[in-house]
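What follows draws every value from the coordinates through simple rules; no lab data is involved. Please read all numbers here as calculations on a predicted model, not as lab measurements. We place every Cβ from the backbone using ideal geometry, glycine too, and count neighbours over all the protein chains shown.
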Amino acid sequence: MLARNIRSQLLFIAMMPLLLVVAAVSVFMLSESLDDIESSLERRGNDISTQAVLMSEFYFYTGDVQRLSEIAGIVINIDAVSSVRFVDANNKILAEQSKHNSVINKDRLFIIPIYSKDVSPDEVSALAGIEENQEERLGQIEIALSRDEHSSLREKAYLRIMVVAVSAVALGIFMVYLFGRRLSASLSNMAASAKEVKMGDLSSRSPEDGEGEILELQRLFNRMVGSLQENEVQLQNRIAQATKSLNESVDELSQKNTQLEQQRQEAIELERSKAISDERARIMKDMHDGIGGQLVASLAMIEKEKNSEIRDNISSALRECLDDFRLIILSLNVSDSNLQALLADFKYRINKKLAKLGVGLRWQVATEVDQINIQPQQSLHLLRILQEIFANILKHSEANEITLKVSLSDKEVLLQVDDNGSFDEPEQAGGHGLKNMRWRAEELKGHFELSQNEQGGASAKLSFPVDAAS
């Protein structure tokens, strides 16, 4: 019967691994058996190779391929030989024989060089590591020995050692089970209770069915679980308080992170806006000093010429180019444009042309518009749409009065231009101008519509959100 002391029980069970020594010895014996089998194969290969060298050395020297073929036929009939090949110094095969059932990957290959003079084993050993004299080498013999016979011997060795090892392991398992089952049963019951405690069931207790120190260990385990159960309520309360405090800290940190992210985005946007503003300022200066100066100089030169139809046409074209250039310069303002000021500048420029053509302009802009700022790119789209509307009216409608209304409704800018002339359907008069105006309205995230008003003239309506442009 096992001692009551757990240390003695564990020491007794720990002696069982000595059975593994048997397995270790078996492995050693298997290794020795395999080495003997391999050595036997090596000796047999060397013996056959030596005989083949003695029989074929003279015919290598004389180059008698017929004799070498006969020797190959003799060697191939030796047991365990699967193939034989005679190769000259230029790697040309002089004679070759092999068995059809040979598996080259499983064969043991012996390669024996043939020289034009006899070389003793001592001389070969002395010359080891020295470069071979290619002029004295006649060729080589390649003999492959089948491992089938030796494989059978290896299989028997494997089987014999395996039986010994399995028997030793089985005996060890039986002895461990026989002497340690009571100990393992008590420990298993306690492990099962520990698993239930781990899953959260602190009411679980280990059966006190052990002896000696095992019984003491079970009682100690049960007292420990009882203490854990008593501390569970206190721990839950502390966790609840800590969770509440942590949630408050997380909320506060989240708010600070949101503020920091907003500040970071504002800093990035400010840096981006500054870079864009600097680039626009450079482009404006280059365009004003370069293209603008050239247009003004060209206009001044052409106006010095004598009055003629060609002079007037060129002068008119240059003035239109200059006006269009000023429109682009205005849209490239480094800062956001005030919508009221932008419309006022357009009114000032278009009034000159309308006055020459005898067309009146009614200007109705709501005061709320003065509080709206739009970005430079939006300014260009808006001015281009107005320019196209007025150009179409002057070219096609034969109107003598134009009305422009701008208002703000539901965070949306409403712009409407009416004339008292004639109106053509968009299918007939739309062209590229109408497509461009609609495209620019989409760029403003707005909508453009062209229809006939009550007076029979054209009514162009543009609407775009303040959020998209302010």
For Thr243, Thr403, order by how many other beta-carbon atoms lie within 10 Å, fewest first: Thr243, Thr403
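Fewest to most neighbouring Cβ within 10 Å: what's the order for Ile268, Ile214? Walk me through the numbers on the way to the answer.
Numbers: Ile268 10, Ile214 21.
So the residues, fewest neighbours to most, are Ile268, Ile214.
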Hydrodynamic radius by Kirkwood, which averages 1/r over all alpha carbon pairs of the range 337-469, in angstrom: 14.9 Å
Protection proxy ranking, peptides 157-164, 136-143, average beta carbon neighbours within 10 Å, highest first: 136-143, 157-164
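Report the net charge of residues surrounding Asn222, where surrounding means a beta-carbon distance below 14 angstrom and charges are Lys +1, Arg +1, Asp -1, Glu -1. Provide the component values of the computation, followed by the final result.
Details: positive: Arg205, Arg219, Arg223; negative: Glu196, Asp201, Glu208, Asp209, Glu216, Glu230.
For residues surrounding Asn222, the net value is -3.
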Whole-number D in µm² s⁻¹ for the range 45-100, Kirkwood Cα-pair radius fed into Stokes-Einstein, 4 °C, 1.567 mPa s: 114 µm²/s
Largest-first principal axis extents, alpha carbons of the range 366-433, Å: 37, 24, 19
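Taking the Cβ of Val87 as the center, what net charge do the other residues with Cβ under 13 Å away carry, scoring Lys and Arg +1 and Asp and Glu -1?
Numbers: positive: Arg85, Lys92, Arg137; negative: Asp88, Glu96, Glu142.
Neighbour charge sum, excluding Val87 itself: 0.
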Listed pairs Lys195/Lys244; Lys411/Lys435; Lys306/Lys352 exceeding 28 Å between Cα atoms: Lys195/Lys244
Counted charge near Ile161, where neighbours are those whose Cβ lies closer than 15 Å (Asp, Glu -1; Lys, Arg +1): -1
